[in-house]
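Rule-based calculations on the coordinates, nothing more; no lab input. Everything numeric here is computed off the predicted structure, so don't read it as measured data. Here the Cβ positions follow ideal geometry from the backbone for every residue, glycine too, while neighbour counts run over all protein chains shown.
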Amino acid sequence: MDALVCTKCSKSYNLNEPIWRCPSCGGVLDLEFTPVFDRRKIQSRPPSLWRYREALPLASEANIVSFGEGFTPLLGVDFGGVQVLVKQDHLFQTGSYKDRGAALLISKAKELGVRTVVEDSSGNAGCAIAAYCARAGIACHIYVPESTSSGKLAQIHHYGATLHLVPGSREDTAAAVLKAAEEVYYASHSWNPFFFHGTKTFAFEVFEQLGWRAPDTLILPAGNGTLLLGAAIGFKELAEAGLTDRVPKIIAVQAVGCAPLATAFREGFSSPPVIQREDTLAEGIAIAEPVRGTQILRAVRNSGGAFLTVGEKEIEEALMESCRRGFYIEPTAAATVAGVRKYVQATADREVIVSVFTGHGLKSTEKMLRLIGS
Ligand SMILES: *Cc1c(COP(=O)(O)O)cnc(C)c1O
Ligand SMILES: [Zn+2]
């Protein structure tokens, strides 16, 4: 039976309850769901992530909210003589892979009859949720710290979302949105399990684009793990459906300036320690307290993978190199590329490696300008 299941107290709930965390204990919810993959049907459909619709937890096709997203190109890029296949996930409607999560989550919100959602992100998740709400005709409220630079808010504002500037720290913003979420559906990219069942389409697409085979290695960013956990769910579902007998090893990348998960991995902890967060170019993955930290650590360990940390100089070099090759990505996306560069230097194996460009450089013009001449 499909259900929302609490990771803390194991209580389960109907998929049609408009909840985003356990009403009983406040724990993080996961989704228990049996996907169906019909290769002939899938291949006969247009190249969007909805070609896997029987593997997505939406009851009715009529509720799909879409810009025709997904099935992004998987391009070979040479890193020091090693071919790495890079998913071009900066090419979504709002400029980042967050559209994978927003497409399913906002479709589900529509199915639930939700009229208004709240979310807290000044970055790419806020943009994605705002755009899909605009497409669905759902009212959208985005909570951000008052100190957020105006450039980042323009996109969210122009989609017609209501911005709530919260005085104080990031934690004060989190408190404000939790208060609002008592009354209104919380379309959270870190809490809401439907978001992760959208990002899992990354795995399905890679699998199909490789000729219905799993790669050996995935190199992915780890902040809240919205792509990493999605990819892990996707490959687990493909394996459970009998389509592959192995799942890829996950190499998770964090910036040195904010690496609670890499620290926990190294120390053998099951959950991330409290850390002091420093400024980094990769601000989009600088998450000091990831809601699903324990899950991310478990996913990486179970895959036989590891964590890599990358410094500011390495991120900047990776950014410059990517742009010079024609891939205009944002600085946060370059952290993962820096991880790829580090990984291929250290490995001697001949393996099929897949990574990703997570966000478009046009979103970060202020930052890109500042890097000129630095
Ligand atoms: C969201 C995002 C990531 C990954 O962040 P998580 O916190 O792990 O979900 C990486 N790059 C970009 C550009 C992003 O927007
Ligand atoms: Zn619970």
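General remarks:
- Cα pair distances of the stretch 98-194 binned at 10 Å [whole percent]: 18, 55, 25, 1
- Those residues of the stretch 99-117 whose amide nitrogen sits under 19 Å from the label point placed on H158, 7 Å along Cα→Cβ: 99
- Base-10 log of normalised Debye intensity for the chain (one unit scatterer per alpha-carbon) at q = 0.06, 0.09, 0.13 Å⁻¹: -0.20, -0.46, -1.04
- Distance from the stretch 116-176 to the stretch 282-332 (C-alpha centre basis), Å: 23
- Treating r as the C-beta distance of E17 and E54 and R0 as 25 Å, the FRET efficiency rounds to 0.65.
- Computed from backbone phi with θ = phi - 60° and the Karplus coefficients 6.51, -1.76 and 1.60, the 3J(HN,Hα) list for the stretch 100-116 is 4, x, 5, 4, 6, 4, 6, 4, 5, 4, 4, 4, 7, x, 5, 9, 9 Hz; x is used for glycine and proline.
- Least to most buried among M1, M320 (fewest other Cβ within 10 Å first): M1, M320
- Summarising the label geometry, the points placed 7 Å from Cα in the beta-carbon direction at E240 and Q88 lie 3.3 nm from one another.
- From most to least packed by mean Cβ count within 10 Å, the peptides 127-136, 294-303 give 127-136, 294-303.
- Distance from the alpha carbon centroid of the stretch 56-115 to that of the stretch 7-52 works out to 15 angstrom.
- Descending by average beta-carbon neighbour count within 10 Å, the peptides 203-209, 19-25 line up as 203-209, 19-25, the highest first.
- Spatially proximal lysines relative to K152 (Cα-Cα < 28 Å; intrachain offsets below 8 disregarded): K87, K98, K108, K110, K179, K200, K313, K363, K367
- Computed [θ] at 222 nm, helices only, for the chain once each DSSP H run of length n ≥ 4 contributes -39500 (n - 2.57): -11000 deg cm²/dmol
- Exposure proxy shown here: for D245, D30, D216, D120, the number of other Cβ atoms within 10 Å sets the order, fewest to most, as D245, D216, D30, D120.
- Peptides 176-186, 279-289, 344-354 ranked from most to least packed by the mean count of surrounding Cβ atoms within 10 Å: 279-289, 176-186, 344-354.
- Other residues whose C-beta falls under 13 angstrom from the C-beta of A306 contribute a net charge of +4, scoring Lys and Arg +1 and Asp and Glu -1.
- The residues neighbouring Q276, those whose beta-carbon lies less than 15 Å from its own, together hold a net charge of -2 under the Lys/Arg +1, Asp/Glu -1 convention.
- Karplus-derived 3J(HN,Hα) values for the stretch 41-54, using 6.51 cos²θ - 1.76 cosθ + 1.60 with θ = phi - 60°, are 4, 4, 6, 7, 9, x, x, 9, 5, 6, 5, 9, 4, 6 Hz; glycine and proline are entered as x.
- Full extension of the segment from E289 to S149, taken as 0.36 nm per residue of separation minus the current Cα-Cα distance, would add 48.2 nm.
- FRET efficiency, 1/(1 + (r/R0)^6) with R0 35 Å, evaluated for R298 and E183 via beta carbons: 0.60
- For the chain, the relative contact order comes to 16 percent (Cα pairs under 8 Å, sequence separation of at least 6).
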